[in-house]
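Student: I have a structure I would like to understand better, so I am pasting it below and will then ask my questions one at a time.
The values are calculated or read from the model by the stated rules, or taken from the named source; none is laboratory data. Given the structure is predicted, the values throughout are model-derived calculations rather than measurements. Ideal geometry is used to build each Cβ from the backbone, glycine not excepted, and the neighbour counts take in all protein chains shown.
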Amino acid sequence: MCKKLCYLTAAGLLAAVVLTQTFVGRYASHWADRAESRLKEKISMTDELAMIRKDVSKLDRDIEKAKSQYVEERVEANILARKVEQLTKDHATSLEVVQKHGKMLTEVNSKETVDWNGRSVSFVRAKELLASEVKTCKALERDLKANKDMLAMREHNRNLAFQHMQTMISQKAELEAAVLELEGLIKEAQIQQAESKYQKDSSRLSKIKQSMEDLKKRVEKQRVRLEVEKEMDPQSPVNQSVEDILEGLNKGNDQ
């Protein structure tokens with residue numbers, strides 16, 4: 001039953017790994033189809049990117065499941081490894097006892113009593129006890145072999161679970177990097193679009209520039225007009241000598 005369960009688990013993990021290995025390709029194809037449909041619906045690139053980023057973040061739940069599965073397989077393998085270690089010791093001890101008692105019985109007379117673990121028993125009884133020990137030793141050997149086989153399968157399942165977990169993590173990292181790259185491409189496209197818009201809208205730009213030039217010209221005309229008025233006014237200090245300017249002061253002092 002345990003072997004069957006191990007094989008079923010291994011098959012499930014192997015299927016998960018195979019599916020995971022084609023994940024990026026299928027995901028890219030999925031988003032290629034979605035991109036076409038979204039384009040028809042005229043959803044902005046920024047909104048589409050936000051939806052992709054949200055879907056990528058949902059992969060964390062799948063990664064957590066993969067981690068939990070790996071932890072479970074690792075714990076089960078550790079428990080079984082400890083059991084195999086104990087069975088190995090028990091079998092070695094049992095085999096040593098059987099060999100010791102077997103050697104002892106081959107060296108005594110069949111009519112003599114035998115010292116069996118501190119008590120005296122007949123030779124016939126000693127053989128019965130030896131047969132029982134051999135039976136126990138063989139049972140331990142079978143149990144050890146079965147558990148070793150299960151441990152090998154558990155370790156295989158653990159390795160598959162680890163591979164699946166690592167693949168999920170690396171693929172999510174690849175998708176996150178792809179999202180960042182897409183974000184940069186979208187920003188670059190938006191800048192180019194803005195530049196193209198301003199370049200195509202030359203009439204508006206030309207009108208603004210022309211308005212600025214006209215305003216500069218008006219300011220310049222106003223400045224020159226004021227200068228000309230000063231130059232044409234006889235009373236303007238520009239057209240008077242220093243003596244003329246001071247003349248009014250001298251007349252006021254004479255009075």
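Student: Go through (1) surrounded by fewer than 12 Cβ atoms within 10 Å (Cβ to Cβ); (2) closer than 21 Å to Asp149 by Cα; (3) not hydrophobic (A, V, I, L, M, F, W, C) one by one and return the number of the condition Lys83 breaks.
Tutor: The failed condition is (1).
Student: Taking Glu183 as the residue in question, decide whether it is touching a Lys or Arg at 6+ places or on another chain (Cβ under 9 Å) and either within 30 Å of Glu72 (Cα to Cα) or modelled with pLDDT of 80 or more (or both).
Tutor: yes
Student: Let me ask something additional. Can you tell me which residues in the stretch 70-124 are in a strand (DSSP E or B) and without any contact (Cβ under 8 Å) to a residue 12 or more places away in the chain?
Tutor: The answer is Asp115, Arg119, Ser120, Val121.
Student: Scan the stretch 157-195 for residues that are more than 18 Å from Val56 (Cβ to Cβ) and polar (S, T, N, Q) and report the count.
Tutor: Of the residues in the stretch 157-195, 6 are more than 18 Å from Val56 (Cβ to Cβ) and polar (S, T, N, Q).
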